[in-house]
Amino acid sequence: MLFCITEAIGRSLKHQPVTIDGGTQNITDGEPFRVLNDQLFGLTLTGKQIKNLENLFRNGLAHNAYINPNSLMTDSTEGPPFHFSKDDVQIRLGSFYQLVEKAWKDFDKRRLPDWKDSQDTKIRSGNQTTIIVGSTAANH
């Protein structure tokens, strides 16, 4: 879900310039994960790292609960959300969640189609919080 939210923010910021590999590139429909280098997320990933994240996690994880054998997901909040080594990628879900939560909070939601002027709804149950964003729910 975090990648889905990230992609939605990226698609809403289409044509926004970001710095990648020392140059300026626009966020596009075909490259929505470039948004990770926008000030909302504050990362400085390389073009290759952005493509790795897209290729490893974008569709397989969201649609099939599948991650690439060369990837690892942990619940850690210690360290940056992504760690790239020669052949694999580690995603620290706790850190990524915190980053996406901050970006969502800072994101101008009027850029989303049909955004209503309402705040996100939070439902707490025990130690779990469900944030309802439009028709999407993300658990933490």
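Laboratory data are not the source of any read-out in this text; all were calculated from the coordinates shown. Every value quoted in this text rests on a predicted model; they were computed, and no experiment measured them. Here the Cβ positions follow ideal geometry from the backbone for every residue, glycine too, while neighbour counts run over all protein chains shown.
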> So between Asn55 and Arg111, what do we pick up on full extension, going 0.36 nm a residue minus the alpha carbon distance?
Replying inline: 17.6 nm
> Between Asp29 and His15, what length in nm is gained on full extension when 0.36 nm per residue of separation is reduced by their alpha carbon distance?
Replying inline: 4.2 nm
> Going by average Cβ neighbours within 10 Å, how do the peptides 15-21, 4-10, 92-98 rank, with the highest at the top?
Replying inline: 4-10, 92-98, 15-21
> If you wrap region 1-106's Cα atoms in a convex hull and average its projection over all directions, what's the area in nm²?
Replying inline: 6.3 nm²
> Of Lys48/Lys86; Lys48/Lys109; Lys48/Lys105; Lys14/Lys105; Lys51/Lys102, which ones are farther than 21 Å apart at the Cα?
Replying inline: Lys48/Lys109; Lys48/Lys105; Lys51/Lys102
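Among Leu40, Leu13, which comes first, second and so on when ranked by fewest other beta-carbon atoms within 10 Å?
Leu13, Leu40
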> Taking Cα centroids, how far is region 67-111 from region 31-56 in Å?
Replying inline: 11 Å
